[in-house]
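Student: Structure below; questions to follow.
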Amino acid sequence: MTDVFDPAKRSAVMRRVKGRDTSPELVVRRALTRLGARYRLHRKDLPGAPDIVMPGRRLAIFVHGCFWHGHDCPRGARVPKQNRDYWVAKVGRNAARDARSAEALAASGWRVEVIWECELRDLAALDERLRRLIAPIPVAPASQRVMPVPKMPQSDQC
Ligand code: ZN
């Protein structure tokens, strides 16, 4: 297939596609470090391998590029004119996979947060959002903390 990008642009794109240590992710990590948060990276054992994980808070953070993950914003809507169908399908698959990962994480009691690339332009707002995310959580008895989230009761019990 003919490449829609010239080689220099392609390698820049591929660096982002690889998904590790992309610059938007670094921005979020630096902000978290500034706020004194401790976190782990790319937990491959969790659905979707969340970019940033705080196991104690059961908090999983994805930092998504707007184009690759189909954000509903001007940047996300910018689809290359060439091979348009290819890109639309590819981004659609990414978005579907993201939704499945988020569902699977939530089903095992994780809080899932998505931070979009376009949100990183306002660093003050990002800091504020992260600060709220990592605010101290009420301490539950140890037995409750390690237990999986209970299933919702069936409706016939109501
Ligand atoms: Zn966006």
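Derivation of every value follows stated rules applied to the coordinates shown; laboratory data play no part. All values derive from a computational prediction rather than experimental measurement. A quick note on method: Cβ atoms are made from the backbone with ideal geometry, for glycine too, and the neighbour counts reach across all protein chains shown.
Student: Under the rule of at least 5 residues apart or a separate chain, name every residue whose amide H is placed under 5 Å from the amide H of Trp116.
Tutor: For Trp116, the qualifying residues are His64.
Student: I need the phi-derived Karplus couplings for the range 122-131: 6.51 cos²θ - 1.76 cosθ + 1.60, θ = phi - 60°, integer Hz, Gly and Pro marked x.
Tutor: 9, 5, 5, 5, 4, 4, 5, 5, 5, 4
Student: Set Lys and Arg Cβ to +1 and Asp and Glu Cβ to -1, take the dipole of the range 9-135 about its Cα centre, and tell me which of Gly109, Gly70, Ala135 lies farthest positive.
Tutor: After comparing all options, I get Gly70.
Student: If you don't mind, another one. Which whole-Hz ³J(HN,Hα) couplings does the range 46-55 yield from phi under the Karplus relation 6.51 cos²θ - 1.76 cosθ + 1.60, θ = phi - 60°, glycine and proline marked x?
Tutor: 9, x, x, 6, x, 4, 9, 10, 10, x
Student: Taking the range 29-131, which trypsin sites (Lys or Arg not before Pro) meet the DSSP loop condition and have no more than 11 other C-beta atoms within 10 Å?
Tutor: Sites meeting the loop and neighbour criteria: Arg38, Lys44, Arg78, Lys81.
Student: Given H placed on each backbone N at 1.01 Å, which residues far from Leu59 in sequence or on other chains put an amide H within less than 5 Å of it?
Tutor: When sequence neighbours closer than 5 places are left aside, the close amide H contacts are Met54, Arg111.
Student: Rg and Dmax in Å for the range 34-102, alpha carbons only: what are they?
Tutor: Reported Rg and Dmax, both Å: 14.7, 45.
Student: Take the Cα coordinates of the range 9-135, assign each an equal point scatterer, and use the Debye formula without solvent to give log10 I(q)/I(0) at q = 0.22, 0.23 Å⁻¹.
Tutor: With one equal scatterer per Cα and no solvent, log10 I(q)/I(0) is -1.43, -1.52.
Student: Across the range 33-40, in residue order, what do the Karplus-derived ³J(HN,Hα) couplings come to in whole Hz, using 6.51 cos²θ - 1.76 cosθ + 1.60 with θ = phi - 60° and x for Gly and Pro?
Tutor: 4, 4, 7, x, 7, 9, 8, 10
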